[in-house]
Amino acid sequence: MEQLNLIIIVLCGIVVLGSGVVNADSASLTVSGTVISPDTPVANFTANVTTGYAPLSVQFTDLSTNNPTEWEWDFETDGTIDALVPNPVQTYAYPGVYTVSLTVLNTEGSDTEIKPDYITVLEPDPMVRIEALKQYIEGSPIPGWAQWFLIKPLDRALDQLEKGNMKPASNQMRSFVNFVELLHGFGVITDEQAAYMNGEAMAIIDLIGR
């Protein structure tokens, strides 16, 4: 018989440390030793961004220790599991302040990390929305001369916002609404186009401040 020192690693993460005896006569192996189990995981995580305008895309990264094998993310603390992977991406579509929790598990137990008010999603940047409104007009079948009348106050509003002049920017957006109503009244733009542009303009005015 021959004495051997063995370390046997089981795929699930359990380690057996001990010694073995090989019996050449019976071609058998006898192992005795100590089972070292993994520790209970300790949950932790981070995010690449915690504040921004809606829609806000956030990359979460798992920083948990002690070899978790399962992950349960709740991005809005509403009790719904939103992701089951270590490093998910979540897009927050609506403004608000969000608490995020991560529960990690392995064979020894589980742990939960809760970060209160971790993600702050702001109202969309009014300048971004004005640019989007311009793109909508430029990509529409509205006649070129009418597009010029509509885009002019939008450009002026952008210029005022860049200078930090909120009230003049708001006034330019009101001029835009007036042009929309005028062109709609003459049948140059459709009911649907007018409703969309007026809705966007009023939302932008609310963002800028009346």
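None of the figures in this text is laboratory data; all of them are computed from the coordinates on show. This is a predicted model, so every value here is computed, not measured. We place every Cβ from the backbone using ideal geometry, glycine too, and count neighbours over all the protein chains shown.
A simple spin-label model places the labels of Ala132 and Asn44 3.7 nm from each other, with each point 7 Å out along Cα-to-Cβ.
The number of Lys pairs in the range 56-173 with C-alpha atoms less than 26 Å apart, excluding pairs fewer than 8 positions apart on the same chain, is 5.
Rounded to the nearest 0.05, the FRET efficiency derived from the C-beta distance between Leu63 and Asn198 at R0 = 41 Å is 0.30.
Figure the gain on full extension for Lys163 and Trp145 (residue separation times 0.36 nm, minus the Cα-Cα span) and round it to one decimal in nm.
Gain on stretching Lys163 to Trp145: 3.7 nm.
Counting Lys and Arg as +1 and Asp and Glu as -1 over every other residue whose Cβ lies under 11 Å from the Cβ of Val85, the net charge comes to -4.
Phi angles of the range 84-101 translate, via the Karplus equation with coefficients 6.51, -1.76, 1.60 and θ = phi - 60°, into HN-Hα couplings of 10, 10, x, 10, x, 10, 10, 10, 8, 7, 10, x, x, 10, 10, 8, 10, 10 Hz per residue; Gly and Pro are given as x.
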